[in-house]
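Below is one structure, written out as C-alpha cells; comments come after it.
Here, each number is a calculation from the coordinates, and none is a lab measurement. All of these numbers come straight from a predicted model, not from anything done at the bench. So basically every Cβ, Gly included, is an ideal-geometry build from the backbone, and we count neighbours across all protein chains shown.
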Amino acid sequence: MIRILGIDPGSRRTGFGIVDSVGSKTQYVASGVIRLPTGELPARLKVIFENISELIGEYQPVEVAIEDVFFARDPRAALKLGQARGAAIVAGVTAGLPVAEYSAKTVKQAVVGNGGAKKDQVQQMIMRLLKLPAPPQEDAADALAVAICHAHSMTHQLAIKGVSGYARGRLK
C-alpha cells in the first residue's frame, strides 16, 4: 500500500486529498480545503506550510503529488500560485517525501479521460472512482485527482518495468 497526499495549491484556498493505492485500486482516506486568512502573502504561505506539515504528520503519506503552475493571464496571480506551491512542496521535502508534479491537463486526462474537463466533471468522477456519497468540494476534488493521477502514474511505471506482474505472481 502506498499513501499519497495530493495537493491543489492556491493563495486563498489549498485543497488536499489523501488516498491509499494498492496496485490499480485507489481508496479514499481524507480530503479537505485549507482556507487561508486574508492579509499578507507571507502569513498565508506559513499557514500552507504548517497545515501541510500537520497533514503529513497525521496521515503519514509516503509520496506527495502537486498540481503544476498553469499560465494565468495575470502574472501576479501566477507568482502567488507559484509561491503557494513552493510552501506546500517545502513541507513535503522537509518531511523527507518525494514530490511529483503534474499539469492540470495531465491530471484531468488521468481522472476524467479529457484534459479539458470542467471542474464539475472532475468532482463527479472523483465521487465515482472513490465511491464517495457526494462530490467533494472543488479544491478537495482537484487534490484527490492529483493523488489519483500520481497513483495511476506509479502503477503504469511499475507495469512498464514488469514489476507489478511479478509481484502479483502473474508473470513467470
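The table below gives the values:
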{"read-out": "Ranked ASP20, ASP120, ASP8, criterion: other C-beta atoms within 10 Å, fewest first", "value": "ASP120, ASP20, ASP8"}
{"read-out": "Whole-number Å³ per residue for the convex hull built on Cα positions in the range 63-126", "value": "88"}
{"read-out": "Relative contact order (%) - the range 1-52, alpha-carbon pairs under 8 angstrom, separation at least six", "value": "30"}
{"read-out": "Share antiparallel - DSSP beta bridges, the chain, percent rounded to 5", "value": "70"}
{"read-out": "Linear extension gain, VAL62 paired with ILE2, 0.36 nm per residue minus alpha-carbon span", "value": "20.9 nm"}
{"read-out": "The chain, helix-only ellipticity at 222 nm - DSSP H runs n ≥ 4, -39,500 (n - 2.57), divided by all residues, nearest 500", "value": "-16500 deg cm²/dmol"}
{"read-out": "Calculated FRET efficiency for the pair SER24/ASP74, C-beta based, R₀ 30 Å, to 0.05", "value": "0.15"}
{"read-out": "Sorted by Cβ density within 10 Å, fewest first, the residues THR14, THR26, THR38, THR106", "value": "THR38, THR106, THR26, THR14"}
{"read-out": "The range 2-167, relative contact order [Cα under 8 Å, separation at least 6], %", "value": "30"}
{"read-out": "Distance cut-off 19 Å, percentage of C-alpha pairs in the chain lying past it", "value": "54"}
{"read-out": "Per-residue ³J(HN,Hα) for the range 56-69, Karplus 6.51 cos²θ - 1.76 cosθ + 1.60, θ = phi - 60°, Hz, x for Gly and Pro", "value": "4, x, 6, 9, 6, x, 9, 9, 10, 10, 9, 6, 6, 5"}
{"read-out": "Using θ = phi - 60° and Karplus 6.51 cos²θ - 1.76 cosθ + 1.60, couplings along the range 38-43 (whole Hz; Gly, Pro as x)", "value": "6, x, 5, 4, x, 5"}
{"read-out": "Full-extension gain in nm, LYS105 to GLU54, via 0.36 nm per residue minus C-alpha separation", "value": "15.5 nm"}
{"read-out": "Sorted by Cβ density within 10 Å, fewest first, the residues ILE34, ILE56", "value": "ILE56, ILE34"}
{"read-out": "Dipole magnitude (debye, nearest 20) for the chain, charges at Cβ of Lys, Arg, Asp, Glu", "value": "520"}
